[in-house]
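What follows is a short report on a single structure.
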């Protein structure tokens with residue numbers, strides 16, 4: 001299973017000093033990510049989407065509310081909620097197979113089983129033949145493939161992704177998005193993606209959670225009812241992109257824009 005339920009989550013960061021006002025990052029956020037569903041969280045920078053993902057992963061805690069996985073409150077970080085970061089976060093002293101099998105060692109699997117599972121994931125992400133290369137010998141796209149394989153190798157209930165393709169060039173980003181669609185359809189696993197790209201969210205997701213500006217709330221919960229693979233030039237894709245863009249652009253507060261710019265808007 002892999003049902004992730006977010007229930008009235010509030011996150012408030014205290015000020016650094018007595019004179020600083022607390023910062024409310026999230027306000028009463030509630031939604032459910034269903035089993036084997038690909039859900040994207042989309043919104044402006046600073047809307048709290050990465051904060052929410054970190055709470056899901058167990059790296060941070062909610063001030064109020066709770067998040068459950070299959071009905072049980074989440075705890076500290078664990079293999080059942082694997083995370084893929086924007087900056088790869090690979091161990092430079094380990095080879096590809098060493099990085100991919102790292103999490104399997106924490107599950108205390110027999111060495112031959114670790115090797116079998118690691119090799120399976122390396123092949124799944126298209127890195128067969130690169131098992132003994134080190135991260136510095138790989139391109140950015142290949143390093144992110146290693147990170148994806150490492151996360152999938154432990155067979156998590158939920159795969160969490162924090163803008164995993166943002167650091168890549170346009171060609172590699174598009175290629176890895178296509179790969180993630182293929183992997184999702186093969187693995188049938190619950191996945192949560194934080195992104196600022198409307199196109200990426202539509203291309204990958206079953207559902208898109210659109211957040212308001214800070215403090216982040218759920219502004220819209222959109223079902224993406226389009227067959228995969230999805231073409232960006234299709235009428236349905238273009239219409240959904242326009243709808244989501246309008247929702248996000250509505251969040252701009254003209255009072256924060258200098259008067260001269262606001263008068264030209």
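The values are calculated or read from the model by the stated rules, or taken from the named source; none is laboratory data. Predicted model only: the values in this text are computed from it and were never measured. When we count neighbours, we look across all protein chains shown, and the Cβ atoms used for this are built from the backbone with ideal geometry, even at glycine.
For residue 229, the conditions (1) under 30 Å from residue 138 (Cα atoms); (2) out of contact with any helix residue (DSSP H, G or I) (no Cβ under 8 Å at 6 or more places or on another chain); (3) not in a helix (DSSP H, G or I) all hold with the exception of (2). Taking the criterion of being outside any helix (DSSP H, G or I) and either under 9 Å from residue 149 (Cα atoms) or touching a strand residue (DSSP E or B) at 6+ places or on another chain (Cβ under 7 Å) (or both), the only residue of segment 104-133 that qualifies is 125.
If the requirement is being at pLDDT 90 or above and surrounded by fewer than 19 Cβ atoms within 10 Å (Cβ to Cβ), which of these qualifies: 174, 197?
Values: 174 fails: at pLDDT 90 or above.
Of the residues listed, the single one that is at pLDDT 90 or above and surrounded by fewer than 19 Cβ atoms within 10 Å (Cβ to Cβ) is 197.
Per the conditions (1) at pLDDT below 90; (2) under 29 Å from residue 34 (Cβ atoms); (3) within 16 Å of the chain's Cα centre (by Cα); (4) assigned by TED's automatic domain parsing to the domain that holds residue 227, the sole criterion not satisfied by residue 163 is (1). Considering 127, 104, 117, 109, the condition of being under 18 Å from residue 164 (Cβ atoms), over 21 Å from the mean Cα position of the chain (by Cα), surrounded by 13 or more Cβ atoms within 10 Å (Cβ to Cβ) and not assigned by TED's automatic domain parsing to the domain that holds residue 37 is satisfied by 127 alone. The numbered conditions (1) within 23 Å of residue 229 (Cα to Cα); (2) outside any helix (DSSP H, G or I) are all true for residue 149 except (2). Out of all the residues in segment 66-92, which are surrounded by fewer than 17 Cβ atoms within 10 Å (Cβ to Cβ) and assigned to a strand (DSSP E or B)? Selection gives 66, 68, 72, 73.
In the set (1) touching a helix residue (DSSP H, G or I) at 6+ places or on another chain (Cβ under 8 Å); (2) surrounded by fewer than 17 Cβ atoms within 10 Å (Cβ to Cβ), residue 99 fails one condition alone, (2). Would you confirm whether or not segment 176-188 contains a residue that is outside any helix (DSSP H, G or I) and touching a helix residue (DSSP H, G or I) at 6+ places or on another chain (Cβ under 9 Å)? Checking segment 176-188: not a single residue is outside any helix (DSSP H, G or I) and touching a helix residue (DSSP H, G or I) at 6+ places or on another chain (Cβ under 9 Å). Of everything in segment 134-143 that's at pLDDT 90 or above and part of a helix (DSSP H, G or I), which residue is surrounded by the most Cβ atoms within 10 Å (Cβ to Cβ)? The residue in question is 143. When residue 226 is tested against (1) under 18 Å from residue 86 (Cα atoms); (2) surrounded by 15 or more Cβ atoms within 10 Å (Cβ to Cβ), only condition (1) is not met.
Checking each residue in segment 34-50 for being under 13 Å from the mean Cα position of the chain (by Cα) and surrounded by fewer than 23 Cβ atoms within 10 Å (Cβ to Cβ) picks out 37, 50. Screening residue 12 against (1) surrounded by 16 or more Cβ atoms within 10 Å (Cβ to Cβ); (2) at negative phi leaves a single unmet condition, (1).
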